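To keep things clear, I will list the structure first and then write my remarks on it.
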Amino acid sequence: MTEEMFQLIKGATEAFGPSGSEEPIREFIEARVKDYVDEVRTDALGNLICIKRGPADGKKVLLDAHMDEIGLIVTHIDDKGFLRFSNIGGVNPYIALGERVYFANGTTGVVGIEKIDDPKEVKLEKLFIDIGAKDKAEAESRVRVGDMAAFQRHAERMGSRIVSKAMDDRIGCVVVMETLRRTKSPRHTIYAVFAVQEEVGLRGARVAAFGIEPDVGIAVDVTRTGDTPKGITMDVCLGKGAAIKVKDSSLICHPGLRKYLERLAAERNIPYQLEVLEAGGTDSGAIQMTKAGVPAAVISVPCRYIHTPSEVVDENDVEACINLLVAAVESPLDF
Amino acid sequence: MDLRELASLPGVSGHEGKVREALVSRLREMGYEPRTDVLGNVIVRTGGGGPKVMVDAHMDEVGLVVTAIEKNGFVKFQKVGGIDDRVLLSKRVFIGEQRVPGVIGVKAIHMQEPKEREQIIPWHALTIDIGAKSKEEAEKKVKVGDYIVFDTEYEEIGDDLIKSKALDDRVGCAVLLELLKEKWEKIELYCVFAVQEEVGTRGARVAAYQIAPDMGIAVEGTICSDLPGCEEHQWVTKLGGGAALSVIDRGSIPSRRMLEELLRLARENGIPVQFRESGAGGNDAAAIQLARSGCPVASVSVPCRYIHSPVSLASKKDIQSVVKLLILFLKSVEGGFRP
């Protein structure tokens, strides 16, 4: 992977953007894609919608990646300046404990816990954030109830792998951004949706798809892998290529479109694997239910330790996903 | 129409008819022409010439529904909406249109094994006694599908409190009536009295689809757990602490700009407000924000102690704070505020 590509991933994953507070990541993406598309707009919920026009006889193809990341939201500030919080999306209390977090205004905090006698008592309501304030007034000068925090971790290379917070789904954003940049002659009009609020219920994609009314929808998101010690039973492995989703708990991918993507990958010698994800959903689940229904598929980037501050992907898988998505939008999509 | 009348009417989800009739008649008296949609939502449109603002309160309340009548004349039921099984015991109820009185009974303490006393009796192990001797006798009064409401008298207690069933969300309905006493000209205001919130924000979903609002506000009764034995950070809201502004719940994340505007208006006009300090629960804002291509939403709530039980408490001052804040907010939209 080029240093330029790594820096793009680093910037995208390190940008701030828990669900509902996606402004910083939206600005990051907009600044980097606007030269490669014909039109950019932000909708009522905050989705960034970028249109790259193709020939008039092409289809309307919605490419989706969600911008938001999991995080924490302040619900209470106590007299001593400690913050209580609720989760934004799937935050595991065991994983949050001891983490460093940061707020949009740069405030750093540490996740601590009340005295407990049993590890089973590690629950979100026993955790708090310490921002170093001496009392409530000092805390309130830096944060307010309703402010959101994200995990504070940097992106790093580990051999051919990359670790960072928020690979879910900034790596998907990078795949779609690169697809917009590298697609020189789209056969279709591309509606690239960088969606908000996926982690709290596929909300952004749902309203974006309603407005676009696409002929085809393809989401790019991370998926779990079964390749770690005593991990889940799942065939997807890091480094074995783009994962073409068969199903998850939010959708069964359109069989024709899914097999079309498989054939395309095989023809172009793009490494791919099939994915059946038992638990978990993604934006295509909302896209396929739009109006009278939309054929929808998902290209997944295999990712270890999803919903932790250290999500790991393989650079070759990322390249495979980009190549497959570029091939898709340059192909007839006559599945 | 006052809150006493509104809250005393039966309106379990799917059976909002009595509440709807009362509201429609009141709205007509006020000079409006309310429309009832196919799911039973009451929609009032007023003003015009500006952004479409949907303000929503739900008419339905949590309750029970008759599922079977047993051979001995006892009535089996299911819960409608989220009710803690522990609050059902020994409650007086009314069943159906005829308001047949009944009691949710349990065997006497003398007859319980010590272990039984430590267990929560699940709703499906409870029955309602309507004083019938047989199935035939019971069937003359009660049918499967009849809704069941708690028999709770509306009273004012303490200096400032209201004690009633169904404050969630008849307080919201009462607030909407207050908003409709004002004259609105530079916004297209839709007040929606929604059905079936407690079973999945169903009414608001179809109402918002019809309206396609530019912004939405859910006016709710919300959790208030400021009780002995609850730590302050788990209170969610404080009774008498003012209008409660949501920062997140399971169904929606409010628009930051709308939240800031509500806070500014409260601050500059001396209206008591508090944050709703929890991520739990959800309300009609969840459905409104997802209508068509989406719209920004906010939730402004009246704290209700003992919510989703046969009896809850709310503060008249809090209700007034919600009314004042929402009037100021809508005026601000008339003056050009956009989310």
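The values are calculated or read from the model by the stated rules, or taken from the named source; none is laboratory data. Model, not experiment: these values are computed from the prediction. Every residue, glycine among them, receives a Cβ derived from its backbone with ideal geometry; neighbour counts consider all protein chains shown.
Here is the figure for region B:185-201: residues that are more than 11 Å from the chain's Cα centre (by Cα) and closer than 24 Å to residue B:327 by Cα total 8. For region A:113-133, taking the residues that are in contact with a helix residue (DSSP H, G or I) (Cβ under 6 Å, 6 or more places away or on another chain) and exposed (fewer than 15 other Cβ atoms within 10 Å of the Cβ), the one that is nearest to residue A:199 (Cα to Cα) is identified as A:123.
Looking across region A:171-218, the residues that are away from chain B (no Cβ under 14 Å), within 10 Å of the chain's Cα centre (by Cα) and closer than 23 Å to residue A:44 by Cβ come down to A:172, A:173, A:194. Checked against the criterion of being in contact with a helix residue (DSSP H, G or I) (Cβ under 7 Å, 6 or more places away or on another chain) and exposed (fewer than 14 other Cβ atoms within 10 Å of the Cβ), region B:122-142 contains one or more residues that satisfy it. Right, residue A:290: of a type outside the set (A, V, I, L, M) and surrounded by fewer than 24 Cβ atoms within 10 Å (Cβ to Cβ) or not? Yes. Is it true that some residue in region B:169-177 is in a helix (DSSP H, G or I) and small (Gly, Ala, Ser)? The answer is yes, given that some residue of region B:169-177 is in a helix (DSSP H, G or I) and small (Gly, Ala, Ser). When residue A:318 is tested against (1) surrounded by 22 or more Cβ atoms within 10 Å (Cβ to Cβ); (2) at positive phi, just one condition goes unmet, and that condition is (2). For region B:155-165, the set of residues classified as assigned to a loop (DSSP other than H, G, I, E, B) and closer than 18 Å to residue B:320 by Cβ consists of B:158, B:159, B:160, listed by residue number.
Within region A:88-112, the residues that satisfy the criterion of being surrounded by fewer than 20 Cβ atoms within 10 Å (Cβ to Cβ), closer than 15 Å to residue A:306 by Cβ and either of a type outside the set (Gly, Ala, Ser) or free of Cβ contacts under 8 Å to residues at least 40 places away in the same chain (or both) are A:92, A:94, A:95. Within region B:245-272, the set of residues being crowded, with 19+ Cβ neighbours inside 10 Å, away from chain A (no Cβ under 11 Å) and within 22 Å of the chain's Cα centre (by Cα) comprises B:262 only.
The residues in region B:273-298 that are under 23 Å from residue B:225 (Cβ atoms), crowded, with 18+ Cβ neighbours inside 10 Å and at the interface with chain A (Cβ under 8 Å from one of its Cβ atoms) can be counted, and the count is 4. For region B:231-244, a residue qualifies if it is within 11 Å of chain A (Cβ to nearest Cβ), assigned to a loop (DSSP other than H, G, I, E, B), touching an Asp or Glu at 6+ places or on another chain (Cβ under 8 Å) and surrounded by fewer than 20 Cβ atoms within 10 Å (Cβ to Cβ), but none of them does. If you go through region B:278-311 and keep only what is closer than 24 Å to residue B:202 by Cα and assigned to a strand (DSSP E or B), you end up with B:297, B:298, B:299, B:300, B:301, B:302, B:303, B:304. Residue count for region A:19-59 satisfying the condition of being within 14 Å of chain B (Cβ to nearest Cβ), farther than 28 Å from residue A:74 by Cα and either of a type in the set (S, T, N, Q) or in contact (Cβ under 8 Å) with a residue 40 or more places away in the chain (or both): 1.
Aromatic (Phe, Trp, Tyr) and buried (at least 24 other Cβ atoms within 10 Å of the Cβ): is that true of residue A:194 in this structure? Yes: the conditions hold for residue A:194.
Determine whether region A:140-157 contains at least one residue that is outside any strand (DSSP E or B), away from chain B (no Cβ under 13 Å) and over 25 Å from residue A:175 (Cβ atoms). Yes.
Restricting to region B:53-64, count the residues that are within 16 Å of residue B:9 (Cα to Cα) and in contact with a Phe, Trp or Tyr (Cβ under 7 Å, 6 or more places away or on another chain). The number of residues fulfilling the criteria is 4. Among the residues that make up region B:139-153, is at least one of them assigned to a loop (DSSP other than H, G, I, E, B) and under 29 Å from residue B:241 (Cβ atoms)? Yes, that holds for at least one residue. Return yes when residue A:101 is more than 12 Å from chain B (Cβ to nearest Cβ) and either touching a strand residue (DSSP E or B) at 6+ places or on another chain (Cβ under 6 Å) or in a helix (DSSP H, G or I) (or both) and no when it is not. When the stated conditions are applied, residue A:101 passes them.
Output yes when any residue across region A:28-40 is in a strand (DSSP E or B) and assigned by TED's automatic domain parsing to the domain that holds residue A:293, and no when none is. Yes. Within this structure, residue A:174 fails the test of being part of a strand (DSSP E or B) and within 19 Å of residue A:307 (Cβ to Cβ). Annotation: residue B:267 fulfils all but one of (1) free of Cβ contacts under 8 Å to residues at least 40 places away in the same chain; (2) not in a helix (DSSP H, G or I); the unmet one is (2).
Within region A:62-87, the residues that satisfy the criterion of being away from every other protein chain (no Cβ under 11 Å), under 22 Å from the mean Cα position of the chain (by Cα) and farther than 14 Å from residue A:309 by Cα are A:62, A:63, A:64, A:65, A:66, A:67. Scoring residue B:82 on the criteria (1) under 22 Å from residue B:299 (Cβ atoms); (2) touching a strand residue (DSSP E or B) at 6+ places or on another chain (Cβ under 8 Å) leaves a single failure, condition (2). Against the definition (within 19 Å of residue A:335 (Cβ to Cβ), touching a helix residue (DSSP H, G or I) at 6+ places or on another chain (Cβ under 7 Å) and either charged (D, E, K, R) or modelled with pLDDT under 95 (or both)), how does residue A:268 come out, yes or no? Yes. The selection criterion, being touching a Phe, Trp or Tyr at 6+ places or on another chain (Cβ under 6 Å) and either over 19 Å from residue B:50 (Cα atoms) or of a type in the set (Val, Ile, Thr) (or both), holds for residue B:211.
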